[in-house]
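S.K.: Take a look at this one; I'll ask things after.
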Amino acid sequence: MNGGFGPLPPAILAQSQPIEMAFSKLKALLQAAEPRNKEALWRTIGALLDRFPPAQCRNMLRHAGYLRSG
């Protein structure tokens, strides 16, 4: 095992995959922000990425079984 990563877990429900969790949060934040054009959309996405702190991203990975606890 390398750097705290264990073997990849078997394919499971999409809702528990970390990318699905992150996109779900991003989608909700984008809907609340209501960007009106492509430029505003990209600016909003850039600003919203700060709403994904490293600790929360680690928790998403841990919840999906990609990281060991502790």
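Read-outs throughout are calculated quantities, based only on the coordinates presented, and are distinct from any laboratory measurement. Since this is a predicted model, take the numbers as computed values, not measurements. Cβ placement follows ideal geometry from the backbone for every residue including glycine, while neighbour counts extend to all protein chains displayed.
S.K.: Explain nothing, just the number: dipole magnitude of region 23-70 about its Cα centre with +1 on each Lys and Arg Cβ and -1 on each Asp and Glu Cβ, in debye rounded to the nearest 20.
M.R.: Computed charge dipole of region 23-70: roughly 160 debye.
S.K.: Using a Förster distance of 22 Å, how high is the FRET efficiency between Arg51 and Ser16, based on the Cβ-Cβ distance and rounded to 0.05?
M.R.: Numbers: r = 21 Å, r/R0 = 0.95.
Approximately 0.60, to the nearest 0.05.
S.K.: For the ranges 31-41, 54-64, what's the packing order if you count other beta-carbon atoms within 10 Å of each residue, average per peptide, and put the highest first?
M.R.: Final packing ranking: 54-64, 31-41.
S.K.: Give the calculated FRET efficiency between His63 and Arg36 to the nearest 0.05, with a Förster radius of 25 Å applied to their Cβ-Cβ distance.
M.R.: So, using R0 = 25 Å, E works out to roughly 0.15.
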